[in-house]
Structure formats: C-alpha cells, structure tokens
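Below is one structure, written out as structure tokens; the observations come after it.
The values are calculated or read from the model by the stated rules, or taken from the named source; none is laboratory data. Please read these numbers as outputs of a predicted model, since none were measured by experiment. Cβ coordinates were reconstructed from backbone atoms using ideal geometry, including for glycine residues, and neighbour counts include every protein chain displayed. Please note that ligands, DNA and RNA were not included when accessible areas were found on the heavy atoms of the full protein model with its side chains. Shrake-Rupley method; radii C 1.70, N 1.55, O 1.52, S 1.80 Å.
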Amino acid sequence: MKFIPRLLGLGLLSLLVLLLTMSCESMKPSANEYGTPNRLKGATIEAPESRRIVHFTDSSTEYVTPRSELARAFIRQFHDGTVIDKVQVRKAPTEGGTAPAYYVIGMGLRNGQFRAMALPLNTGGDNTYYLRPNAERYTITGSNCPLCFFNFENGRIVGTTCGERISGATCDLKVESNNTLFSRAR
C-alpha cells in the first residue's frame, strides 16, 4: 500500500513539472507581440521608392514634407557646411502640351558664396509630386555671384546664370546621377 501514494506523488510531481515547463514556454514573447515583423532569415526590407514632397490644389501648394525637414535634408546632402535657408518647389518651363516638370530647390550659402541644389520631382497623377532616391541632383556653386539661377529648357535644367553682371562672377553647375536626401545612413 505504501507503493500507491508514492506512485501517485511521483505522477503529480511529473504533471506539475510538465505544466510549469509548458507555462514558461507560453510566456515567451513572440516577435509579433511587440510589433516587429516576422522576417525570413536573410530577408531584407526595401527602402521606399519615393518620398512625397508637395501636393497642389486649385488654390494652394501644400508641402507634404515640411520645408524645415527639406532644409535639414539639403544640408545633410551638401555635407560641406552649406546652410540652406530657403526651400521651394518650382515649375520648370516646358514647351507646348508637355506635362509640367517640377523641381524641389534648396538655396543657401557656404563661406559667403551662393549655393543651390535642385532635384526633379515625379507626379503620382493626383497633383502630388514625389522625390525618387535615384533622381539626378543639380548643384550650383556661385563664385563672386550673390545669386545664381538655373536655366531651363523644355522642363530640364541645362545651365546657370548669375543674377548680376559682375566681371569674373560665375555659377558652376554640377550634375550627379542620384541623391541621398532622405537616406538614413549618413
């Protein structure tokens, strides 16, 4: 008879250990419990293709990305001490029935010299314009010129002009094939 209580006690002890083990495993948080996605091993997350910059209505221009954020992004993109104090979206002149082209432009100074950068925007078809990460980048550096302008031809930037006729004043244009305006790895 002493055998049965021992067997029953051993069975209850085993059941208790089994329940404790199962409860500990069920309390382990899953990845989804805290909002992190389940990822396949080796999978990468793609960066968004484009960033919304501006939306036009019949009567106004609404900056989807605030101008202050655009100015900070231009400063990071220049990465040479240029301070951007003006950001605008400008419609580039086009010919005939060609769809309008828009550029986001950041303007400022570096060591007292005029600097500006323009990036073309793409439309989403709903009067909202986007900046692609692989959009070309047009940079002006003024030399003895207080204000430089981009020259447009059929919606494209083709050169620069100094705003004042000063002897020896130039506006140098540099074109690069991409931008890192909103990349996180800077």
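A few points about this structure:
- Contact annotation: residue pairs with Cβ atoms under 6 Å, 6 or more positions apart or on different chains, pairing a residue in region 123-146 that is touching a residue at least 24 places away in the same chain (Cβ under 8 Å) with a partner that is of a type in the set (Gly, Ala, Ser) and open to solvent by less than 10 Å² (accessible area, probe 1.4 Å), are Tyr138/Ala118; Ile140/Ala116.
- Residues of region 143-157 that are open to solvent by 50 Å² or more (accessible area, probe 1.4 Å) and aromatic (Phe, Trp, Tyr): Phe149 alone.
- Pick from region 113-140, criterion of a type in the set (D, E, K, R) and open to solvent by 50 Å² or more (accessible area, probe 1.4 Å), ranking: modelled with the highest pLDDT: Arg132
- Candidate set: region 89-112, residues that are polar (S, T, N, Q) and loosely packed, with under 15 Cβ neighbours inside 10 Å; chosen: the one modelled with the highest pLDDT: Asn111
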